Each structure stands twice: as structure tokens, then as C-alpha cells.
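A short write-up of the structure that comes next.
The values are calculated or read from the model by the stated rules, or taken from the named source; none is laboratory data. Remember, it's a predicted structure, so these values are computed and weren't measured experimentally. Heads up, the Cβs are rebuilt from the backbone with ideal geometry, glycines too, and the neighbour counts pull from every protein chain shown. Heavy atoms of the whole protein, side chains included, go into the accessibility calculation; ligands, DNA and RNA do not. Shrake-Rupley method; radii C 1.70, N 1.55, O 1.52, S 1.80 Å.
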Protein chains: 2
Amino acid sequence: MQELLRSHIEKIVPLTDKEFELVISHFTVADFKRNHFIFEQGEKVKHAYYIISGLLKLTYVDDSAKEHIVSFAMEDWWESDFYAYFTQTKAAMSLKCLEETTVFCLSLNDYQNLCRDMPKMESFFLQKAHLGFIGSQQRILSLLTTNARERYEQLLQQYPALLQRVSKTQLAAYLGVSRETLSRLHD
Amino acid sequence: MQELLRSHIEKIVPLTDKEFELVISHFTVADFKRNHFIFEQGEKVKHAYYIISGLLKLTYVDDSAKEHIVSFAMEDWWESDFYAYFTQTKAAMSLKCLEETTVFCLSLNDYQNLCRDMPKMESFFLQKAHLGFIGSQQRILSLLTTNARERYEQLLQQYPALLQRVSKTQLAAYLGVSRETLSRLHD
């Protein structure tokens, strides 16, 4: 299980065994059941999560109780409400398990210590932050320029496995369309 | 002019005079006229830009020649097509001056040297990347959950000065509505 995190980090910065020991000492492991909320809107966000196995959704429930899915996250992804995490304010979104899920948890304190003590890990997080930012910029572009059918087709192309794992209702909430509209796209 | 960049960096990491001399040696200054394209879709993205004065728009023109505004950027902001910049691939978007604009330019090579030679600057860029990522996550949430009127009101609240500086046509392209719909929001 630790090897997953190690090879994930080593895609960006190489680590000696000793360095990885130091890295891993900053993380804890947690297992969650299906439908468990890791955190809910209004709660404190204690950790950033690196997903070992399972599937999560980051959601926002608006004033009319409608649920919007900001993102799905699966194996080998990081997820959190990063604004609330970094500013230690209350969550604007909820993080919920769609499957039984195992994660590595990193508190802000441990994150800061790790960056301070290991410049290599600061480089790693810098690259991940860039990739996260770039991914968000692409999603904004997609939301601005494509309709639901095009977004559905993009998703199908990029993450075919995901479509097998989420319900049609979840998928509709991610695409921002009704369940009925999705059925028409699906034809 | 250099003092602007210095105080911008020092909001996150303090610098000695000597350190700032090293920092500034990695940047060049450029002046652009109104309506100048800093780069266009399909071109190489040579720099990330820190804006000293002026106003830019980052745009995407779709297959039907319709222009979408991904973001506006003004004094004290960074802007680029960051995917193209970091991966040294061709621009998916264009960056155009809406006003006469002065920027500090940072090439990828200089960025990498600066991070390597000054861990402080790596910390600075890490924090900026987080803020950029967080800002994008907020914009995604806003695009998913609000309608054009609500987005217009958010913009009015967050950046009242911006509304004085961009035309109604530009504003409509940013909000993703027609010029006519915008006029109705404006009432």
C-alpha cells in the first residue's frame, strides 16, 4: 500500500528508502465505508487525501437543496476542499465515499513540516499544485465552451472506467443536467 | 516598478535586498499596446506574466468562431496559458491586452532556475499555485451552481473596478451570455 504512494511521488521526485520513511511518517491511513461522509459542508477539513482505493465525490448542495458534483476522485488522486484545508476555514463542499475507500491522510501541520524538512517534497507538491491548477483551468474552459453532450463524450473518452462505477444520477449531477436529459445523451 | 513585484512576493516570503536582486535578474519587462496579442491560440507560450499595470483577457475561440473569456487579469495578477507554459506545448488560448499593459515576463527556464537556486521562491510559487488552484475550484463551483445574473452580481461585488474597465461585449463573453441578456441583468 505504501508502495503506491511512493511510486506516485517518485513519478516527480526520486526518494531514497530513508527519505520515504520520513515522508510516510507524516501520513496516517483511514478506511471508510460506502456512503460515509469524510467531511460535510460547514465542518472543519482536517486532511488532504491521497486515494489508495475506492471512489469519492466532492459535492456542493445549494440553497434549494440541489446537489452539484464538483469532481469525482479515484485511485491515485488527491482530493479535499483545498480552500478550507489551506485556510483552516469551514468546508464549502462535502466529500463522500461512493465505494468502500482507503486513503492516506495528510494534516496541514504535517504538510507544512514535510515541506519545511524536505525541499524535495516541496518540489513535488509544487508540481502537483500546478497540475491541479491546470486541470481546473481545463474544466473551466470545458464548462464555458461545451454543452452537456460534449462533456459527456469527453468524460467517456478520458475516464471510461469511471462511467462503469457511478450511477446515472451521479453522472447527471456532475454534468449539470437532469436525469432525463442524460438518458437522451446516452442513446 | 520593481517595488511592486517585491512587495507582491514579500506578502508570502521576506527577501533581503541581495535576494531580490537575484530574483529580479530572472525577469524581463515588456510593454504592450491596447489590442496586442501577447500570444495566440496555436503559438508557443514563452512566459508567465506578472502584470504591473493594464488589463488582459485570456480567451478561447471555439470551432464556430465564438469567443469565450476564461479570465480577466489586471495589476498584481499572474496570467498565462499555464498548461502550454509548463508543458511547452502550443497555446489552447489567447492572451490579449484590453488596455496598454506593462508586465514582468518569466520564462520557464528562468522559473526553474529560480526555484532551484532559491528555495524561498519555490515556497512562494507553491503558495501562488495553491491560491490559483483554489480560485479555479471556486470558479468551477460558481459555473456549476449559479446562473448568469448571480455571476454578474458576484463579479460586481468582488471586482467593482473591473466593470468600469471592460466593455459590455467583453463582460457578456465572460459571463457566457448574449449581449442582450446582459442588458437585462444590468437593469
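For region B:53-69, name all the residues that are in contact with a Ser or Thr (Cβ under 9 Å, 6 or more places away or on another chain), of a type in the set (A, V, I, L, M, F, W, C), over 17 Å from residue B:90 (Cα atoms) and at pLDDT below 95. Step through it out loud before you land on a result.
So the first thing to find is which residues in region B:53-69 are in contact with a Ser or Thr (Cβ under 9 Å, 6 or more places away or on another chain), and the list is B:53-62, B:66-69.
Add one more test, that the residue is of a type in the set (A, V, I, L, M, F, W, C), and what stays is B:55-56, B:58, B:61, B:69.
Narrowing the set further to residues that are over 17 Å from residue B:90 (Cα atoms) leaves B:55-56, B:69.
Once the filter is applied, which keeps residues that are in contact with a Ser or Thr (Cβ under 9 Å, 6 or more places away or on another chain), of a type in the set (A, V, I, L, M, F, W, C), over 17 Å from residue B:90 (Cα atoms) and at pLDDT below 95, region B:53-69 yields only B:69.
Inside region A:161-178, can you point out the residues that are over 19 Å from the mean Cα position of the chain (by Cα) and within 12 Å of chain B (Cβ to nearest Cβ)? Steps first, answer last, please.
First, pick out the residues of region A:161-178 that are over 19 Å from the mean Cα position of the chain (by Cα): A:168-169, A:177-178.
Answer for region A:161-178, where residues must be over 19 Å from the mean Cα position of the chain (by Cα) and within 12 Å of chain B (Cβ to nearest Cβ): just A:177.
Looking only at region B:109-140, filter to residues that are facing chain A (nearest Cβ under 7 Å) and more than 28 Å from residue A:68 (Cβ to Cβ); which one of those is most open to solvent (accessible area, probe 1.4 Å)?
The selected residue is B:119.
Give region B:86-108 a look and list any residue that's under 13 Å from the mean Cα position of the chain (by Cα) and of a type in the set (Phe, Trp, Tyr), or say none.
Answer for region B:86-108, where residues must be under 13 Å from the mean Cα position of the chain (by Cα) and of a type in the set (Phe, Trp, Tyr): just B:104.
If residue A:132 satisfies all but one of (1) of a type outside the set (Lys, Arg); (2) under 25 Å from residue B:118 (Cα atoms); (3) over 12 Å from the mean Cα position of the chain (by Cα), what's the number of the condition it fails?
Single failed check for residue A:132: (3).
Which residues, taken from region B:44-86, are among the hydrophobic types (A, V, I, L, M, F, W, C) and touching a helix residue (DSSP H, G or I) at 6+ places or on another chain (Cβ under 8 Å)?
Once the filter is applied, which keeps residues that are among the hydrophobic types (A, V, I, L, M, F, W, C) and touching a helix residue (DSSP H, G or I) at 6+ places or on another chain (Cβ under 8 Å), region B:44-86 yields B:45, B:48, B:52, B:55, B:69, B:70, B:72, B:74, B:78, B:82, B:86.
Would you confirm whether or not region B:146-160 contains a residue that is within 11 Å of chain A (Cβ to nearest Cβ) and open to solvent by less than 50 Å² (accessible area, probe 1.4 Å)?
yes
Among the residues of region A:44-101, what is the count of those that are part of a strand (DSSP E or B), open to solvent by 60 Å² or more (accessible area, probe 1.4 Å) and away from chain B (no Cβ under 14 Å)?
Summing the residues that are part of a strand (DSSP E or B), open to solvent by 60 Å² or more (accessible area, probe 1.4 Å) and away from chain B (no Cβ under 14 Å) in region A:44-101 gives 2.
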